1. Step by step: first the residues of region 124-146, then only those that are surrounded by 17 or more Cβ atoms within 10 Å (Cβ to Cβ) and part of a loop (DSSP other than H, G, I, E, B), then the one that is farthest from the chain's Cα centre (by Cα). Which residue is that?
2. Tally up the residues in region 240-297 that are assigned to a loop (DSSP other than H, G, I, E, B) and of a type in the set (F, W, Y), please.
3. Identify, by number, the condition in (1) crowded, with 24+ Cβ neighbours inside 10 Å; (2) more than 19 Å from T341 (Cβ to Cβ); (3) among the hydrophobic types (A, V, I, L, M, F, W, C); (4) touching a Gly at 6+ places or on another chain (Cβ under 8 Å) that V48 doesn't meet.
4. Which condition from (1) closer than 22 Å to N182 by Cα; (2) buried (at least 17 other Cβ atoms within 10 Å of the Cβ) is the one that D34 breaks?
5. In region 147-180, which residue that is closer than 23 Å to Q193 by Cβ and not in a helix (DSSP H, G or I) is nearest to the chain's Cα centre (by Cα)?
6. Test of understanding: among Y319, Y256, Y297, which residue is farther than 24 Å from A357 by Cα, assigned by TED's automatic domain parsing to the domain that holds L166 and among the hydroxyl-bearing types (S, T, Y)?
7. Out of the residues in region 98-123 meeting the condition of being small (G, A, S) and surrounded by 19 or more Cβ atoms within 10 Å (Cβ to Cβ), tell me which one is farthest from S12 (Cα to Cα).
8. Of the residues in region 358-373, how many are surrounded by fewer than 16 Cβ atoms within 10 Å (Cβ to Cβ) and part of a loop (DSSP other than H, G, I, E, B)?
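The values are calculated or read from the model by the stated rules, or taken from the named source; none is laboratory data. All figures in this text were calculated on a predicted structure; none of them were measured in a lab. Positions of Cβ are backbone-derived with ideal geometry, glycine not excepted, and every protein chain shown enters the neighbour counts.
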Amino acid sequence: MRKVALVGAGISKFGVRRASYRDLIWEAGKACFDSVAGIKPRDVEGLVVGSVMPERTAFQSHISSMAAEALGIKPSVLSARTEHMCASGTVGIRYAYAFIAAGLADLVMVLGVEKLNQPSSDEAILNMGTGVDREWEAAFGLTAPPCFALAAQRHMAEYGTTEEQLGLVGVKNHTHASKNPNAHFGKGATLEQVLGSRMIASPLRLFMCSPITDGAAAVIVASEERARALTDRPVWIRGTGQALDGFQLTSLHEDYAHWPALKRAADAAYTMAGVRPGDVDLAEVHDCFAIAEMIAYEELGFCKKGEAGAFVAAGRSDYGGDVVVNPRGGLIGCGHPLGATGVAQAAEVFVQLRGQAGPRQVADATIGLTHNNSGMGEHVVMIYGSEPA
């Protein structure tokens with residue numbers, strides 16, 4: 001297979017936006033093209049768009065073709081939309097990677113976009129219930145917050161994890177977001193504020209949860225030949241893995257604090273990349289809720305099972321620790337525009353490995369990891385490097 005790299009990346013402002021769905025596409029697309037000299041829309045051979053529910057929130061289908069026209073791209077080898085709930089953007093990057101590695105394309109844009117906060121906040125919450133089994137779970141109230149609350153309760157019962165340790169994830173990620181001008185939240189948060197915020201699903205409080213966010217992000221993926229011609233600092237895709245245990249809660253591991261699919265996806269990505277957990281300098285993990293980040297520490301191999309609470313409390317997932325987790329603010333601080341999230345994670349790794357992350361720069365970063373989950377049972381991991389494998 002051919003080597004593949006990221007050569008450009010751009011992000012819109014995240015938040016509750018007055019911008020339309022098309023406006024968000026324009027913002028992220030322009031920022032992406034502006035990030036790399038020598039590429040015009042006419043040069044891009046393919047476009048993959050990660051977007052979960054535009055039919056419900058933007059009243060628009062036929063998404064990839066619409067986005068291509070909006071950006072001035074005329075795909076000649078690949079045009080597709082990925083819908084895979086929260087992992088849609090990362091799955092889109094995997095599609096582009098596979099196409100290029102196989103020699104079917106040389107230059108592909110991956111765009112993630114979501115306009116979630118319409119027509120009303122109540123309907124936005126209702127729409128989010130489509131990410132679980134609507135007939136057998138959502139109808140009985142088992143939407144994302146209570147599902148992840150069950151994981152948190154199990155982790156606390158099994159390992160002695162505390163609400164304060166969960167709160168520290170929220171503090172860290174809100175603090176990181178305060179250094180990210182594109183983040184949904186930019187003020188930071190103290191532990192007192194996090195633990196004093198409204199209870200959503202015990203023990204998960206508001207500032208331990210990701211918000212419903214509008215936003216878009218884009219990256220340009222290139223073959224080795226094109227990447228080396230376009231930039232002297234490509235960011236290489238070195239490894240990837242994806243695994244699924246099930247859709248319904250009843251299909252998952254009986255202990256919700258164990259996510260074996262994440263471990264399998266991570267192991268596949270590490271093996272392909274030729275690296276170990278200790279080699280990772282920064283990780284963009286799927287902190288839809290604080291407990292998700294903590295379980296990710298364990299399944300990604302950053303600490304042993306049951307040690308996530310102590311790991312975050314000791315500052316080992318922050319600057320100066322073992323690995324900087326969610327330097328852009330994660331989903332909790334930056335926001336979670338579903339289809340855009342995985343692409344935004346890749347965009348963060350791109351600027352970090354090129355030393356362009358400004359006040360949130362991770363010193364001497366050479367290996368970055370991204371992780372998306374779609375519920376507790378499905379996980380996608382990507383590993384990037386400043387040098388190819």
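1. Looking at residues that are surrounded by 17 or more Cβ atoms within 10 Å (Cβ to Cβ) and part of a loop (DSSP other than H, G, I, E, B), I get E137.
2. Step one: of region 240-297, the residues assigned to a loop (DSSP other than H, G, I, E, B) are 245-248, 252-259, 274-276, 280-281, 285-288.
Still in the list and also of a type in the set (F, W, Y): 247, 256, 259.
Qualifying residue count, region 240-297: 3.
3. (2)
4. D34 satisfies all of (1) closer than 22 Å to N182 by Cα; (2) buried (at least 17 other Cβ atoms within 10 Å of the Cβ) except (2).
5. N180
6. Y256
7. So the residue we want is A105.
8. Counting residues in region 358-373 that are surrounded by fewer than 16 Cβ atoms within 10 Å (Cβ to Cβ) and part of a loop (DSSP other than H, G, I, E, B) gives 2.
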